[in-house]
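First comes the structure, then the notes that go with it.
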Amino acid sequence: MVIFWIGLFLSGLWAMTYFRQSLFRTSVLLAAILVLWSLAACPPGVLLVPVWGLFLLITISLNVRGLRLAGISAPVLKAFRAVMPEVSKTEREALEAGSVWWESEFFKGCPDWRRLTALPKPRLRDDEQAFLDGPVEKLCSMLDDWQITEEEHDLPEAVWKYIREQGFFGMIIPKEYGGLAFSALGHSSVVMKVASRSITAAVTVMVPNSLGPAELLLHYGTEEQRNHYLPRLAKGDEIPCFALTGPEAGSDAASIPDYGVVCYGKFKRKKVLGIRLNWEKRYITLGPVATLLGLAFKLYDPDKLLGGDEDVGITLALIPTTTPGVEIGRRHFPLNMVFQNGPNSGRDVFIPMDYVIGGQERVGQGWRMLMESLAAGRSISLPALSAGAGKLATRASVAYARIRQQFKLPIAYFEGVEEVLVRIIGQAYIMDSARTLTTIAVDQGEKPAVASAIVKYQLTERMREVVRDAMDVHGGSGICLGPNNVLGRIYQSVPISITVEGANILTRTLIVFGQGAIRCHPYVFKEMQASQDDSGAGALQAFDEALFGHVGLVASNVARSLWLGLTGAAFLKLPDGLSQGYCGRYYRNLTRMSVGFALLADFSLAALGGSLKRRERLSGRLADVIGNLYLATAALKRFADDGQPEADRPLVAWACEDSLYRIQEAMYGLFDNLPNRPLAWIARILIFPLGRCYAPPSDTLGHSLVKPFLEPSEARDRLTAGIFVPDGAQDALGRIEEALGLVIEAGPLEKRLREARADGRISPTADYEAQISCAQEAGVLNADEAALLVRAHKAIRSVTDVDDFPQDFWKGER
């Protein structure tokens, strides 16, 4: 009977923590169990009194707030302050910048799936679709990437003129200033389509609409600055660039050595208060052709002319590139990509205070302005470029594998090649799902700091994987550059995307989890704020609420993790409509992994505290977990938004199973390397009590995924929608499209021709066209069928042939 009562008590405690009931309700239930035990079991006083005494001591100490504050929270707060590292102003501004969104659900360990399913379906506005079908389509048709990258080393002047005239530089600028006022989805769709045609053109279009003068003016500029510059930027009369990175400050942008000193100087023959600047920047896109330079620098006021501190802080200014002392125009050459990019510098450049973005009132606020603006831009530009590359690789590579034959079979039918095609298609689905999900956040007014870091890192890394796999499929036709190469320049550009807007190593190991653990966690940021608050009783009360909320969350996740691990989440209740659907098992298992992630995050924070940010291998694995949680939920949202088409079931299944497997392996990497070994063992037992339970997507699933993409189909068109697909055979992708249709159509005739060769009616030693003539004479083919086979054969050769050049092609002018 003793075991029964202990079991009942522990079961009650487990149930209340599992369902996240309040401390008071949990105490009442446990008290009721003890009362029942006292009456039913009639324990001796020697047992009854200690049990009740201990129970009352604990519950009263926890439930009477005054006692709890004095006896528990105050000592913990004191200890917390002693070990809490000092947070600098720039660190605090970075942490507070932007907003948290759907990704915060994973730190709770109980994702609210209704929040995800309630998000609107991404839809382009009529004017956005018209722009894509009109000006964007025409722009893509004007682009010859071989001409751009190999011959002119720049966009042709006609392309520059068209981009300006059609408002490509003003997609984020409101219509009252002459801009297009596109949504995040519209903006993303334009970049994606152009990127599928030319990386150089895509970067040229996306940079003015990302972090730069227009974005900063919209949120922080004075009315006078907005009225002057925004119409000019929208029309392309001004070409903007933004200079942040320098020789001594790359990823650690807050340490920029570039500086300005507040002083009086001459401007337009008048003595005005201004700033004398000195700077050296590099890697600045559009810099060589820019007319308007956005500049980040540290501002000092040694003479206290502004009336504040001498060290004012990072400040942003807009400087016409014709200003005396500005040196700009030289170019870098990033991996054969010829978008305008280069260094610039300034020596003793004097600017009036009016050049500061936002005017004098905004001096010293530059870092916050940058951090808040970076999230929106990072959510759109590089994810769109990555998704465009993934879609192009899917459409071109699967078709190429169906067209190209070896050993008398399309190479797509070889399992080794099919395995690669599976990865290309599956990753393309994941990338586009994450792209569209994140644009929803921006269109809802969010500045998702952590989600933007996730998609920047995950999508550019997956673009690297997809393009590498696609190159393997194309083989020699992929590595031989020339007008007929559909992948080579994208392959060359991949490291650029990996590097810019926060190098991926840093993004993964420092930003995704480092910032996410503070901003997205329900209680960590509150605990930090309370520990830095010197208001006394108010700070203690705030810390108390956060601390016990945090303890309750951990207790709940311990209970939930073990139960879900033992049952495989089979009994987990989901919102109506999700439990019985095709994806119900994925929602359940992602909930289970979210609980495990939340628990593992808290265990890691408890074991390492502030030093976790220096244990980058560990924080990187935690970033992998939350990143894959985000991508899998994006795939589920995409599948639901598309109406759950039967043909896309293998896609969403592959996306979820691949993500779950990656999550599991990242967690096991943490179990193996967490320095506190007992805590690591406990975490493994709680999260995976029965051991590893997820495997990579099966070969059978992969085969069913590839099959619809081997010929023109709705699934193929749906996944690759939004990229530029040229008409006719004057372009590499157009030739692939034409050849695929002809190969499918001529397939039965090719089989008939092979049978005729096998039974001796046609000589196998004759060339292909002679064999067709013989087949026609033998009655195997009629005239139309013979003509179709000839067309198909020529189309195949046009796809599989590679470019060649004269011996002296690269010598001198040509």
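What follows is calculated from the coordinates using simple rules that are stated; it is not laboratory data. Treat the numbers as computed from the prediction; the structure is a model and nothing was measured. Please note: Cβ atoms are built from the backbone with ideal geometry, for glycine as well, and neighbour counts cover all protein chains shown.
If I stretch the segment between GLU327 and ARG797 completely, what's the gain in nm (0.36 nm per residue apart, minus their alpha carbon distance), one decimal?
Numbers: separation 470, 0.36 × 470 = 169.20 nm, distance 5.08 nm.
My answer for the length gained is 164.1 nm.
Taking the Cα atoms of the range 43-183, report the difference between the largest and smallest coordinate on each principal axis, in whole Å and largest first.
Ordered largest first, the range 43-183 gives principal extents of 94, 38, 36 Å.
Just how large is the dipole of the range 369-503 about the Cα centre, in debye to the nearest 20, putting +1 at every Lys and Arg Cβ and -1 at every Asp and Glu Cβ? Each step should come with its number before you reach the end.
On the way: 14 positive and 12 negative charges, 73 e Å.
Computed charge dipole of the range 369-503: roughly 340 debye.
How are the C-alpha pair distances of the chain spread across 10 Å bins, as whole percents from the shortest bin up?
Values per bin, smallest distances first: 2, 12, 19, 21, 18, 13, 8, 4, 2, 1, 0.
List the lysines whose Cα sits under 23 Å from the Cα of LYS751, skipping any in the same chain fewer than 8 residues away.
Within the straight-line cut-off, LYS751 pairs with LYS408, LYS707, LYS794.
Hey, if you drop one equal point scatterer on each alpha-carbon of the range 633-733 and run the Debye formula without solvent, what base-10 log of I(q)/I(0) do you get at q = 0.11 Å⁻¹?
Result of the Debye calculation: -0.53.
Just to confirm a number: summing +1 for Lys and Arg and -1 for Asp and Glu over residues other than TYR400 whose beta-carbon lies under 15 angstrom from that of TYR400, what do you get? Walk me through the intermediate numbers first.
Working: positive: LYS391, ARG395, ARG402, ARG404, ARG716, ARG735, ARG797; negative: GLU418, ASP469, ASP472, GLU711, ASP731, GLU737, GLU738, ASP801.
Value of the local net charge: -1.
What does the range 295-357 give for Rg and for Dmax, in Å, if only its C-alpha atoms count?
Taking only Cα atoms of the range 295-357, I get Rg and Dmax of 15.3, 50 Å.
For PHE4 and CYS693, calculate 0.36 nm times their separation in residues minus their Cα-Cα distance, and state this gained length in nm to one decimal.
Numbers: separation 689, 0.36 × 689 = 248.04 nm, distance 3.21 nm.
Computed gain between PHE4 and CYS693 is 244.8 nm.
Along its principal axes, what span do the Cα atoms of the range 171-250 show, with the longest given first and each in whole Å?
Largest first, the range 171-250 extends 37, 37, 21 Å along its Cα principal axes.
Rounded to the nearest 500 deg cm²/dmol, what is the calculated helix-only ellipticity per residue at 222 nm for the chain, with -39500 (n - 2.57) per DSSP H run of length n ≥ 4? Mind showing how you got there, number by number?
Working: 32 runs with 459 residues, N = 814.
The helix contribution divided over the chain gives -18500 deg cm²/dmol.
Let a ≥ b ≥ c be the square roots of the eigenvalues of the Cα gyration tensor of the range 132-172; is it rounded (a/c under 1.5), or, if not, prolate (a/b larger than b/c) or oblate? Write down the numbers at each step before the final one.
On the way: a/c = 2.59, a/b = 1.69, b/c = 1.53.
Judged from the Cα gyration tensor, the range 132-172 comes out prolate (a/c at least 1.5, a/b above b/c).
Can you spot the lysines whose alpha carbon is less than 18 Å from LYS108's alpha carbon? Ignore those fewer than 8 places along the same chain.
LYS108 reaches LYS526, LYS573.
What is the spread of the Cα atoms of the range 584-626 along each of their three principal axes, largest first, in whole Å?
39, 17, 8
What Rg and what Dmax come out for the range 243-401 when only alpha-carbon atoms are used, in angstroms?
Rg and Dmax of the range 243-401, Cα atoms, are 19.0, 70 Å.
Cβ under 13 Å from SER798's Cβ, SER798 left aside: what net charge do those residues give with Lys, Arg +1 and Asp, Glu -1? All intermediate terms of the calculation are to be shown ahead of the outcome.
On the way: positive: ARG404, ARG735, ARG791, LYS794, ARG797; negative: ASP731, GLU737, GLU738, ASP801, ASP803.
Net of charged neighbours comes to 0.
Counting Lys +1, Arg +1, Asp -1, Glu -1, what net charge surrounds ARG197 among other residues with beta carbon under 13 Å of its beta carbon? Write down the numbers at each step before the final one.
Numbers: positive: LYS138, LYS193, LYS391, ARG395, ARG489; negative: GLU137, ASP144, ASP145, ASP731.
Net of charged neighbours comes to +1.
Multiply the residue gap between LYS266 and SER579 by 0.36 nm, knock off their C-alpha separation, and tell me the result in nm, one decimal place.
Working: separation 313, 0.36 × 313 = 112.68 nm, distance 7.13 nm.
Between LYS266 and SER579, full extension yields 105.6 nm more.
About its Cα centre, what dipole magnitude does the chain give when the only charges are +1 on Lys and Arg Cβ and -1 on Asp and Glu Cβ, stated in debye to the nearest 20?
Values: 86 positive and 90 negative charges, 477 e Å.
Magnitude of the dipole: close to 2300 debye.
Could you sort out which of LYS235/LYS447; LYS391/LYS613; LYS138/LYS637; LYS270/LYS304 sit more than 28 Å apart by Cα distance in this structure? Please list the in-between numbers first.
Working: LYS235/LYS447 26 Å; LYS391/LYS613 35 Å; LYS138/LYS637 32 Å; LYS270/LYS304 21 Å.
Over 28 Å apart, Cα to Cα: LYS391/LYS613; LYS138/LYS637.
For ASP804 and SER535, what does the FRET efficiency come to when R0 = 56 Å and r is the distance between their Cβ atoms, rounded to the nearest 0.05?
Working: r = 76 Å, r/R0 = 1.35.
The pair ASP804/SER535 has a calculated efficiency of 0.15.
Could you work out the per residue convex hull volume over the alpha carbons of the range 203-317, in cubic angstrom?
Details: hull volume 14.9 nm³, N = 115.
Given the Cα convex hull of the range 203-317, per-residue volume reads 130 Å³.
Give, in whole angstrom and from largest to smallest, the semi-axes √(5λ) of the equivalent ellipsoid of the range 382-446, with λ running over the eigenvalues of the Cα gyration tensor. It would help to have the intermediate numbers written out before the result.
On the way: eigenvalues 214, 19, 7 Å².
For the range 382-446, the ellipsoid semi-axes come out as 33, 10, 6 Å.
Just to be sure I understand: if I project the alpha-carbon convex hull of the range 95-151 onto a plane and average over all orientations, what area do I get in nm²?
Numbers: hull surface 33.3 nm².
Value for the range 95-151: 8.3 nm².
Counting residues in the range 469-524 as N, plug N into 2.2 N^0.38 Å and put the Cα Rg over that result. Walk me through the numbers on the way to the answer.
Working: Rg = 18.2 Å, N = 56, 2.2 N^0.38 = 10.2 Å.
In units of the globular-protein estimate, the range 469-524 measures up at 1.79.
Average projected area of the Cα convex hull of the range 745-814, in nm²?
Working: hull surface 26.1 nm².
With every direction weighted equally, the projected area is 6.5 nm².
Given the convex hull over the Cα atoms of the range 667-814, what projected area results after averaging over all orientations, in nm²? Before the final figure, lay out each step's value.
On the way: hull surface 77.7 nm².
About 19.4 nm², averaged over all directions.
When the Debye formula is applied to the Cα atoms of the range 36-114, each taken as the same point scatterer, what base-10 log of I(q)/I(0) results at q = 0.12, 0.15 Å⁻¹?
Log10 I(q)/I(0), no solvent term: -0.75, -0.89.
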